[in-house]
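As structure tokens, the structure follows; a few thoughts come after it.
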Amino acid sequence: MYCCAAIGNDIYWVGVNDRKTERFENYLPLPSGVAYNSYLINDEKVCLIDTVEVRQSGTFLNKITAIIGDKNIDYLVVNHMEPDHSGSMDEILRAYPEITIIGNAKTLQMIKAFYPSFPEASFKAIKEGDILDLGTHKLTFAMVPMVHWPESMVTYDITEKVLFSNDAFGSFGTLDGGMWDDEVNFDFYKGEMRRYYANIVGKYGPQVTNAIKKLGGLEIKYICPSHGILWRKDINRVIKYYADWAQFIPEKKGVVVMYASMYGNTEIMANMIARELSQQGLKEIKVYDVSKTDSSFIMSDIWKYKGLIIGSCAHNNALYPKMQPILEKLQNYGLKNRYVGIFGNMMWSGGGVRGIQHFTDSLSGLEVIGKPIEAKGAPTHEIKEELRALAREMAKKILEEI
Ligand SMILES: Cc1cc2nc3c(=O)[nH]c(=O)nc-3n(C[C@H](O)[C@H](O)[C@H](O)COP(=O)(O)O)c2cc1C
Ligand SMILES: [Fe+2]
Ligand SMILES: [Fe+2]
């Protein structure tokens, strides 16, 4: 009746697909939905790893009882307190009042903040390296602070060599039949994995690098994240993606041209740059109007490509309002290791180009290519030449890199 895919012996996926929620964390669009993965280990002791978002707690409980019948759940391991995973904890506590909730000291503080009436006696704090013995399965824990919350931890099943990796290695997109990396068209999930990384985890590259180092000694047969597809065929592949994304190492030779334009002049400039990039031999060029495309998709491509060319018209002595938020987010996330080009448009005292320069000045890891180009209305012959020169310089830099 319920799809409860098995992972190794006695481990089941009891997660749910969410095709209804419009925006993750109420701001990131979910055109292909999202999955909240939860896992059930049906050993002598029954253990649940995380729960699901509260609106599907009924389905979640049904999935669990389809596997364990009227057996009790002994433990709930809380790898992460964000409500997409802890949201059904209350329901679980109601259905299984004898359950012990397992987390670290920071988890408990957050549980009390989220659920003031939480019965503290139900909580058992573990430390890194502690072992929870379920009978055949033995679980241990590693702290991965700020990947992407302070209390974040991962759980490792020593017996089956499963890493329950929490939000790390997660992706947007529901599980549409295929659950494992070798069962799906990975091109789709890769984009949604990068979009998830860039927008949710992207600020915490150093912490991701530390977490990968810490987990490096483990033999891992399966990676079971709390969103999206599960990994069994090519574990190293997903670890490499994360290692690279954490250090802002681009995947491909390509350029994102993102612009803000009211009357079309900045747009014309963007198109001219893109055409010249193509003439120079670049095959991966993405042109985005920031008023149209949600910034989460642009962020994903900024993580993918080495080149970023930013254009804004002036608006009340400043950046165009739709350009402001994505630059603020990139600043907050410490974008680095990118070549950046700057252009824009104005009519009297400017503001767009100045705003972009403030952005590049605020970050130490960017290399600005050429000089900022600012047109007044329709680009003149001279401006067109400057735009082409900028594109040529950007293309040269990128194509020359190994
Ligand atoms: C509300 C508003 C505020 C503007 N503020 C400025 C400004 O502060 N400085 C400036 O030089 N131009 C300003 N402009 C003019 C535009 O930046 C200018 O027309 C530019 O060419 C528009 O580029 P676009 O064709 O790409 O939209 C403003 C225009 C509007 C509608
Ligand atoms: Fe999270
Ligand atoms: Fe999550």
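The values are calculated or read from the model by the stated rules, or taken from the named source; none is laboratory data. For clarity, every value in this text was computed on a predicted model and none was experimentally measured. Because the Cβ atoms are built from the backbone with ideal geometry, glycine has one as well, and the counts that use them run over all protein chains shown. Heavy atoms of the whole protein, side chains included, go into the accessibility calculation; ligands, DNA and RNA do not. Shrake-Rupley method; radii C 1.70, N 1.55, O 1.52, S 1.80 Å.
Brief remarks follow.
- Candidate set: segment 144-171, residues that are more than 15 Å from ligand 2 (Cβ to nearest atom), open to solvent by 30 Å² or more (accessible area, probe 1.4 Å) and at negative phi; chosen: the one nearest to the chain's Cα centre (by Cα): I158
- Checked against the criterion of being surrounded by 21 or more Cβ atoms within 10 Å (Cβ to Cβ) and small (G, A, S), the candidates G216, G254, G228 yield just one match: G228.
- Annotation: of all residues in segment 275-292 being in a strand (DSSP E or B) and among the charged types (D, E, K, R), the one that is surrounded by the fewest Cβ atoms within 10 Å (Cβ to Cβ) is D289.
- Elements of type strands (runs of 3 or more DSSP E) contained in segment 81-170, each with 1 or more residues being in contact (Cβ under 8 Å) with a residue 60 or more places away in the chain: 131-133, 138-143, 153-157, 162-166
- Here S38 qualifies as of a type in the set (G, A, S) and under 21 Å from the mean Cα position of the chain (by Cα).
Residues checked against (1) of a type in the set (G, A, S); (2) farther than 13 Å from N37 by Cβ; (3) more than 16 Å from ligand 1 (Cβ to nearest atom):
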| position | (1), (2), (3) |
| --- | --- |
| F172 | no, no, yes |
| G191 | yes, yes, yes |
| N199 | no, yes, yes |
| Q207 | no, yes, yes |
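- Flag for K336 being assigned to a loop (DSSP other than H, G, I, E, B), open to solvent by 60 Å² or more (accessible area, probe 1.4 Å), within 19 Å of G202 (Cα to Cα) and away from ligand 3 (no atom under 16 Å from the Cβ): yes
Here is a yes/no grid of residues against (1) of a type outside the set (S, T, N, Q); (2) closer than 21 Å to E367 by Cβ; (3) within 16 Å of ligand 3 (Cβ to nearest atom):
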residue: Y242; (1), (2), (3): yes, no, yes
residue: K252; (1), (2), (3): yes, yes, no
residue: M262; (1), (2), (3): yes, no, no
residue: L277; (1), (2), (3): yes, yes, no
residue: Q280; (1), (2), (3): no, yes, no
residue: K286; (1), (2), (3): yes, yes, no
residue: S291; (1), (2), (3): no, no, no
residue: Y305; (1), (2), (3): yes, yes, no
